[in-house]
Amino acid sequence: MRAVDWLLHEDEFNPSALGKCEAVMCLGNGYLGLRSATEERYIGERRGLFVAGTFNRFHESEVCELPNAADFLEMDIFLNDEKFNLQSGTVKSYSRTLNLSTGELCRKVEWVSPIGRGYTLDFFRVVSLCDLHTIAQKVCITPLDGNAELSLSTGINGQITNSGSQHFSEGAKRLYEKKYMQLVQTTVESNIDFVITTHCNFYGGEAESHIHMDRRKIFSVYTAAINKGECLTIEKITTVHTSRDKACENLGTEALQAHGLANLKKQSVGYDKLLVDSAAAWKAILWDNVPVTVESENPRDATALRFAQYHLQIMAPAHDPRMNIGAKGLSGEGYKGHTFWDTEVFALPYYIFTQPKTARSLEEYRYNSLPGAREKANLGGFKGAQFPWESAWLDDGEVTPLWGAADIVTGLPIPILTGQIEIHITCDVCYGIWQYYMATGDEDFMEKYGYEVIFETATFWESRLEEGDDGLLHINHVIGPDEYKDGIDDDAFTNYFARWNLYLAMEYYDKLSGTALLEKLKERLTLDRSGWQSKAEHVYVPAPREDGVIPQNSTFLILKDIDLSKYKAQKQVGSIYKDYNHDQIGQMQVCKQADVLLLLLLMEAAFTPEVKRANWNYYEPRTLHDSSLSLSTHCILAGDMGDYAEAYSLFERACNIDMGPNLNSSNDGIHAGSIGGIWQCAVLGFGGLRLVGDKIRIEPKLPESWRRLEFYAFLKGQKVRIEITKDKINLENTTRTGEVKLEINGIEHVLTDMLNIDNYSQPI
Ligand code: IFM
């Protein structure tokens, strides 16, 4: 795949890259995600339409997941009775392109059929960013060697499953007014109706059509004659609505059907108009509003940032605070559409700084899922709120599956314990809320939602701490960010953040003291400030050793070291599992991903540069970066330590997780957190924009090959343009309704309109 300027290109048809292109070139708008499967079908494809928040549990033996809804992209095309397929005949030319600026996917093919007749077929597709329910397709077919008889079969196919799990019962099928096809499917457990309505228009020729219905399927066969050298254009417009949609919740199935049809008619203004309107929305929301501009010797860097912004836009269900971002966005079945800490730690900073309303909605989701978090704490015998490691619908609570991949020693599936003991998610959520508040100053959010989450999570930690023989309080039997260690005690990341969560709750409790809000909260919640304090003061947090190294947990540093060079040089992540099973890996000093190093980044003010260096030297050689979340943390830390070349190389590796040459790494969907990490590398890393304590700091560290970086950040309600070159920082408050206090190079500034800092020299 080539990434050039605003475009991602596939230059030749490669059946082995079907999954990758479907995910990396996925279209969407936060309401729905549509994998970019081709119109004609191939073995190995994974077609996918996912609608945010529509979780269903297929069977009690499985956890809930986002169901893969009916496919409407499919088109079976016959030209003079020969079936169009790129694995037969000859492909004379081929290109598939995703335009990141407009969100349009194009595929252009010159195809010679098995009996030697030439055709061009151009396919176009867009998911509207204006009307979240609308998808438009256009196909232009030109016969090159003689007239052609076209037979096109297309409609809505509900035979799609999630790798075999059929989440829907078959619903109504209907043709309205001899042209509008509609299929209803209802999820079997959560009882959510999906209504998909579609129709085709032909331009440049007349078509006859015949309707067909089959099991879970409605489609029409259109026939038309096309003259040699003339182009027949087919446009297919589709709408998707579900009873989960806020506007449709109480409609009932029949009214929802009528609504789907009415909206389809309204949206049937032609492909080009829908594209132009959607492209304008992309411009207004992102490219004219909060673009990241990179001038680098390697132009691919600028594309990588556009790629990141594109995906961050289509993965976020900003329209509904009952929903959050899945670890694969809406681009595949991977991780079942569930939300992890990936949101708060890796993706949220992007929204906080560029789309604060979306950030607020994502954190409102956490507030809205407090009932499930309280239940999880209660089930474990604890107080307060314990957020699920994997979460889905608001009251689902914990939805982590129990079994994973094969164990090469036992021959059994590996038990997944993260849902039971990867508990740092609870302070990660609190950290996300704190970040949002620090950057925006949104008191309304805090009063309605934020304080309550912070108090309830503190109460959880207060009850979760265990007194040890040393008289200190410990957090035992957990999984830290490094998921290669199960059931360990005193994970540094968890302990530091749990203590921080307790202190933060105390700080806010004191701040609210004497207010009506605190009194109201006290009526509903048990707020034991003195309990938080007495516990916080005794939490054991592993201090740096004499050599500066912080023990990742109570046993990590005494585990055996093995030669990891083979795994460090791996082409496919997780290769260590080919040689060792999970228990064996648990006995080695090997980390899946940034753990202590992430702590040093997120709590940067608490640790000296020497401690950072010592831990980098210790842990990075022992880290396999087997999670896509690892590289961005390492990139930013490397920059902080002045290793600009290393930071840049890690940035490039982070960009390659989805955009790179590995044909299989994105099959299950893109890596949402890692894509947030790409933006973080550029803006928080190279651009040096950070929240340190309650301060906003800018300390740029451009890599050698970057001449200029420009980005926008909403800081305390002001939209600030930040332009950085190797020796200058120019800031402009484009809102100018308030001031922003920030620290640059150790000096405090107040930005009201413009601030130009000449002779800036990068640290170290
Ligand atoms: O949240 C991550 C985790 O840190 C590593 N495994 C994959 C999860 C989802 O991205």
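Computed from the alpha carbon positions, the gyration tensor of segment 630-713 leads to an equivalent ellipsoid with semi-axes of 24, 15, 11 Å, biggest first. Dipole of segment 605-692 computed with +1 at Lys/Arg Cβ and -1 at Asp/Glu Cβ about the Cα centre; of A645, C635, A605, farthest Cα towards the positive end is A605.
Do any GluC sites (Glu not before Pro) in segment 107-178 lie in a loop, going by DSSP, with at most 12 other beta-carbon atoms within 10 Å of their beta carbon, and if so which? Sites meeting the loop and neighbour criteria: E177. Based on Cα contacts under 8 Å between residues 6+ apart, segment 239-380 shows a relative contact order of 14 percent.
Listed by chain and number, the lysines whose C-alpha is less than 17 Å from the C-alpha of K726, apart from same-chain residues fewer than 8 away, are K701. When both segment 85-122 and segment 177-228 are represented by their alpha-carbon centers, they are found 24 Å apart. Measure out, as a whole number of angstrom, how far apart the alpha-carbon centroids of segment 259-288 and segment 315-365 sit. Answer, in whole Å: 23. Put simply, the C-alpha atoms of segment 451-532 give a gyration tensor, and the ellipsoid matching it has half-axes of 28, 13, 10 Å, longest first. By the helix-only formula, in which each DSSP H run with n ≥ 4 contributes -39500 (n - 2.57) and the sum is divided by residues, the chain has a 222 nm mean residue ellipticity of -8500 deg cm²/dmol. For segment 452-496, taking the reciprocal of the average inverse distance between every pair of different Cα atoms yields a Kirkwood hydrodynamic radius of 11.4 Å. For the chain, the Cα-based Rg and Dmax, in that order, read 26.9, 88 Å. Mind scanning K228/K273; K273/K357; K108/K236; K236/K336 and naming the pairs with a C-alpha gap bigger than 19 Å? In this structure, K228/K273; K273/K357; K236/K336 exceed 19 Å between Cα atoms. From the alpha carbon centroid of segment 495-562 to that of segment 623-655 is 28 Å. Given a cut-off of 22 Å, name the pairs among K448/K716; K328/K383; K592/K695; K83/K138; K179/K246; K283/K728 whose C-alpha atoms lie farther apart than that in the structure shown. Correct reply: K328/K383; K592/K695; K179/K246; K283/K728.
Once the Cβ-Cβ distance between Q159 and Q87 is put in as r, and R0 is 22 Å, what FRET efficiency do you end up with, to the nearest 0.05? Spell out each step's value before the answer.
Details: r = 22 Å, r/R0 = 0.98.
That pair, Q159 with Q87, gives E of 0.55.
None of the figures in this text is laboratory data; all of them are computed from the coordinates on show. Remember, predicted model here, so these are calculated numbers, not experimental data. Backbone-built Cβ (ideal geometry, glycine too); neighbour counts: all protein chains shown.
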